[in-house]
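The values are calculated or read from the model by the stated rules, or taken from the named source; none is laboratory data. This is a predicted model, so every value here is computed, not measured. As a convention, Cβ positions derive from the backbone with ideal geometry for all residues, glycine included, and neighbour counts pool all protein chains shown. For the accessible areas, the whole protein counts, side chains as well, though only heavy atoms, and no ligand, DNA or RNA atoms are used. Shrake-Rupley method; radii C 1.70, N 1.55, O 1.52, S 1.80 Å.
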Amino acid sequence: MSLQRDPDLGRPVQLMFGAALAACLALSAWLAWRTAILEPYSDMFDWMARYYRLQADGDFGRYLWAPHNFHHLVWTFLVLDLDIRAFGGSGYLFLAVGVLCLAATAAMLAYVAASAAGPGLRLVGAGGAAALSAMGCHVLDASADINTTYVQALVFAVAAIVLAEGPNGRGMRIRLAASLACALAAGLGSAAGLAVWPALLFGALRRRDRAAALAVLAIGGAFALLYGVGESAPLNPAVGAIGLHRVIEAGGLILNYLGLPWVRGIPGAGGAIGLAILVASGAAVAFDARRPAAWPERAAAPLILFSLGTAAMVGVARTGVLAPDVAPMRYAVFLIPLHVGLWILALPYLRRAWERWPRSMARAVVAAAALMLVHQGVMAVYAVRTADTNLRVIADFRAGRRTPAMIPTIYSDPGAAQPLSDRMRREGLYQRELRPDPEIGQRTG
């Protein structure tokens, strides 16, 4: 009887793939500096108004828990308070927290993917997951203060799933407790974190872990009810009577969301890309649920379901607020678990292909390394342009100019934000950047 040998990438292929991965991650690290925006704009003005109210009334519980557009941004307001108290309102703490959250997410998913790939292909498995997690467009959610809420929810949701679906053995109940704690923490980053509870329930039922399923139902249900405490407005005030037009609009928004981040580069194809992702995800979850699998593959389905849950939440909460064909790029980080989940489920098939056609697969890995570099380069260009555009508008606002671009970027009413901006300027809060203002060019208005 012959023993099956583990795949061998070979030194040249390892070096080429490793170098491409290192370059992609280095570019992400550079983008964290290059796209950083530390001055206040958009939601930051509302957050600062809340902080100043805390200074007046001292009600720290209300400061932390009162909803902001339905979200309970506990981690964000803790970071804001600490950043002002310990770092003089520099924004550095927001940047550090955002980068750490995205890096931790990439590391956890790379670990799961490496375990799924197995000996000989761990570098490919981990590298693919890391590259999907650290795309240049995703760095924008770590490098701008107002976007860090998304990665705060994301890192805890991924941690909850990885802990719950980890290898069987001793300490499973301790891991379950830690998983539930992380699931609670995900909702304190953003309401999107609530999507982790159905994903955890699916995983528990798939494992036939009745105790875990009951715990998820009880704790998740109670937390969802608690989340509504203090909410005085409907989840989506723009939604009136639910009719066929509204359902179609919600479906279009969901498909466009699922097509992120690539829909921005292929105008008009959002629905087709999103539909392909939806079909692939649904088929992968349905197929994976019917067969025994190792723990990394078991983790893939809840990861995918978490992302699908966030898509459903966007369809409910943002239909009528967002155009169906323009899902904001900042939401793309919530699709990282879906993309990596599909990658994890593909890895066993990649391993079998390697065993049959090692030379062809070696060439495919080299081609994938080149594609990874090109893709990250395109994403980096997008990230830099987006950050520079926003910083140009902020620089105009700082200089007292008023342009139409300020309404969607700075605040719905720039005049209402001006008193807060003046006070922050007097107190030296959030008045610095890591780099000079980009070239303004020709101004209008």
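Computed extension gain for ARG426 through LEU226, at 0.36 nm per residue and net of the alpha carbon distance, reaches 68.2 nm. Since only SER360, ALA299, ALA346 are under comparison, the one whose Cα sits farthest along the positive direction of the charge dipole of the chain, derived from C-beta charges on Lys, Arg, Asp and Glu, is SER360.
Between PHE70 and ALA312, what's the calculated FRET efficiency when r is the beta-carbon distance and R0 is 22 Å? Round to 0.05. So, using R0 = 22 Å, E works out to roughly 0.90.
State to the nearest 20 debye the size of the charge dipole of segment 105-263 about its Cα centre, where the only charges are +1 on K and R beta carbons and -1 on D and E beta carbons.
Working: 9 positive and 6 negative charges, 154 e Å.
Computed charge dipole of segment 105-263: roughly 740 debye.
Taking label positions 7 Å along the Cα-Cβ direction at both ALA405 and ALA283, the computed distance is 4.3 nm, reported to one decimal. Inter-label distance, ALA177 to ALA22: 4.2 nm, where each label sits 7 Å from its Cα along the C-beta direction. Each residue of segment 147-155 is assigned a 3J(HN,Hα), and the resulting list reads 9, 5, 4, 5, 6, 5, 5, 4, 5 Hz, derived from the Karplus form 6.51 cos²θ - 1.76 cosθ + 1.60 (θ = phi - 60°), x at Gly and Pro. Residues considered: SER28, SER143, SER360. Largest GNM mean-square fluctuation over the chain, using C-alpha springs under 10 Å, is found at SER360. With coordinates expressed along the principal axes, the C-alpha atoms belonging to the chain extend over 80, 51, 49 Å, beginning with the largest. Counting protein heavy atoms only, the chain has 66 percent of its accessible area on carbon and sulfur, 1.4 angstrom probe. Ligands, DNA and RNA are left out, and with a 1.4 angstrom probe the accessible area of the chain is 44 Å² per residue.
Would you mind classifying segment 185-325 by shape? Square roots of the alpha carbon gyration tensor eigenvalues, ordered a ≥ b ≥ c; an a/c under 1.5 is rounded, otherwise it is prolate if a/b is larger than b/c and oblate if not.
Details: a/c = 2.35, a/b = 1.20, b/c = 1.96.
Oblate is the answer for segment 185-325, as a/c is 1.5 or above yet b/c matches or exceeds a/b.
Considering only GLY89, LEU200, PRO328, the residue lying farthest towards the positive end of the dipole of the chain is LEU200, judged by Cα position with unit charges set on Cβ. In a simple Cβ point-charge model (Lys, Arg +1; Asp, Glu -1; nothing else charged), the chain has a dipole of about 1160 debye relative to its Cα centre.
Between 0 and 90 degrees, the angle of helix 122-133 with respect to the longest Cα principal axis of the chain falls at about 20 degrees. Packing, as the average of other Cβ atoms within 10 Å across residues, places the peptides 100-112, 189-201, 46-58 in the order 189-201, 100-112, 46-58, highest first.
Computed over the Cα atoms of segment 58-172, the ratio of the radius of gyration to the Kirkwood radius (Rg/Rh) comes to 1.07. Dipole of the chain (Lys/Arg Cβ +1, Asp/Glu Cβ -1, origin at the Cα centre): which of MET379, PHE60, PRO40 lies farthest to the positive side? Selected residue: MET379.
Give me the dipole magnitude in Debye, nearest 20, for segment 5-77 about the Cα centre, with unit charges on the beta carbon: positive for Lys and Arg, negative for Asp and Glu.
About 180 debye.
Amide H contacts under 5 Å for LEU322: none, restricted to partners 5 or more places along the chain or on a different chain, H placed in the peptide plane at 1.01 Å from N. Placing dummy labels 7 Å off each Cα toward the beta-carbon, the span from ALA107 to LEU244 is 5.3 nm. Annotation: amide H of ALA144 within the under-5 Å range of ILE37, sequence separation 5 or more or interchain, hydrogens built in the peptide plane. Note on segment 353-432 and segment 252-320: Cα centroid distance 24 Å, given to the nearest whole angstrom.
For the modelled label position 7 Å from the Cα of ASP8 along Cα-to-Cβ, which residues of segment 109-146 have backbone nitrogen atoms closer than 13 Å? Flagged as within label range: 120.
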